[in-house]
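> There's a structure below that I have some questions on.
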Amino acid sequence: MKSVSTSGKVFLVVAGMALSACQSGRYTSSLSLEGADDQHDLAERVTTTIDAHKHAQEAFDAAYVLIAKFTQARTEVNQALYNELLDQVDECASGCDRIAANNVRLDDDAAQMFMNWNIELDQFSSLQLRTRSEERMQSVKGRFDVLSSRLHDTHARMETALVGLKDYVLFFNHNLNTRSASGLDFENEGLAQEIRALSAEVEGARFQGNDFIDALQGGSASTPGAY
């Protein structure tokens with residue numbers, strides 16, 4: 001058997017140490033990046049979902065303004081205004097569909113993040129650091145549950161408001177080129193209250209979204225580990 005020179009032994013030791021360091025670095029980097037990516041993606045999803053709620057609410061506001069033209073100013077229900085209202089209500093309906101889809105994707109992304117977070121808790125060797133990370137996970141999850149509930153409530157209120165808008169579309173369709181919108185002040189006030197409540201729900205959702213993102217991002221730098 002050939003003997004290995006001293007220089008050869010040194011090379012092998014150094015190479016082994018370098019390989020070990022690279023493997024360790026890859027492990028640490030992979031562990032950290034997964035948690036950071038999950039949090040970043042979820043924060044972006046929250047922002048996208050809140051924006052969709054705000055856009056839909058603006059569509060409802062615009063539809064109500066058109067209805068008010070008929071019921072408050074006694075404007076004749078002509079074809080042009082009716083078509084404008086119909087387009088706006090269609091936009092409201094599309095907004096409701098987008099919100100429902102966004103809410104589902106948001107819940108799915110959050111479930112994935114919390115599942116990964118929970119799995120990675122078992123990779124801690126330090127009980128103290130594991131406990132800190134787990135406590136933060138529970139705090140962030142609590143805020144997300146509040147946000148998710150608010151977003152689903154907002155969608156439900158939009159669906160209710162959409163039913164009211166569709167009633168007006170149907171009524172005006174039956175009364176084109178007339179002033180039959182007179183006498184609808186009571187109904188109009190009920191819709192106005194619904195639209196105002198919707199606006200308050202969306203604003204509340206925006207507040208809860210910002211609170212969740214602050215909790216998600218604000219604590220990540222102070223807690224060591226994967227999350």
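The values are calculated or read from the model by the stated rules, or taken from the named source; none is laboratory data. Remember, predicted model here, so these are calculated numbers, not experimental data. Here the Cβ positions follow ideal geometry from the backbone for every residue, glycine too, while neighbour counts run over all protein chains shown.
> Give the number of residues within the stretch 51-77 that are surrounded by fewer than 20 Cβ atoms within 10 Å (Cβ to Cβ) and at pLDDT below 75.
5
> Ok, one more. Given (1) crowded, with 18+ Cβ neighbours inside 10 Å; (2) modelled with pLDDT of 90 or more; (3) not hydroxyl-bearing (Ser, Thr, Tyr), identify the lone condition not met by GLY225.
GLY225 satisfies all of (1) crowded, with 18+ Cβ neighbours inside 10 Å; (2) modelled with pLDDT of 90 or more; (3) not hydroxyl-bearing (Ser, Thr, Tyr) except (2).
> Check off (1) within 20 Å of ASP145 (Cα to Cα); (2) at pLDDT 95 or above; (3) loosely packed, with under 14 Cβ neighbours inside 10 Å; (4) not acidic (Asp, Glu) for ASN103 and give me the number that stays unchecked.
If we test ASN103 against (1) within 20 Å of ASP145 (Cα to Cα); (2) at pLDDT 95 or above; (3) loosely packed, with under 14 Cβ neighbours inside 10 Å; (4) not acidic (Asp, Glu), just (3) comes out false.
> A further question on this structure: Filter the stretch 87-107 for residues that are touching a residue at least 40 places away in the same chain (Cβ under 8 Å) and of a type outside the set (Lys, Arg) and give the result.
Correct list: VAL89, CYS92, ALA93, GLY95, CYS96, ILE99, ALA100, ASN102, ASN103, LEU106, ASP107.
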